[in-house]
């Protein structure tokens, strides 16, 4: 089985059994989408709620919510997926540094808004809080395993 490590700005799709992994999601969002009828899955590690000049400058990277969501949906459409068949799971968006400017909350809100506007069903989310997360999305089950540093076990959404 393939393992896909998603670093900041990465967005990829697979059409076979794989595990997408994002290490240490703080304010970033881990977005995972799946069309089970086609066996198609995708994931993104998103850093910013909106595009900035610098976030658009790196070819092949998808640092902001709109670019990452659009990229994944285009990849799904190329494989024949319809929006109604896609299910999404989102995680991350923590306020780890605990500042007044809570970029994690902005990332989570922007992700929800972009998915909802495009008609993508959000099947589950685990966002917010004050701790980072490491996540593994298993495409063959659709399970998203979430662990926090210093805590035994984890949870599945």
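The values are calculated or read from the model by the stated rules, or taken from the named source; none is laboratory data. None of these values were measured; they are calculated from a predicted model. Counting neighbours? That spans all protein chains shown, and the Cβs are built from the backbone with ideal geometry, glycine included.
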remark   = So the strands (runs of 3 or more DSSP E) completely within region 1-104 holding 1 or more residues that are touching a helix residue (DSSP H, G or I) at 6+ places or on another chain (Cβ under 7 Å) and closer than 16 Å to residue 135 by Cβ are 11-14, 29-35, 40-46, 87-92
task = Test each condition in (1) modelled with pLDDT of 95 or more; (2) over 20 Å from residue 109 (Cα atoms) for residue 30 and report the one that comes out false.
result = (2)
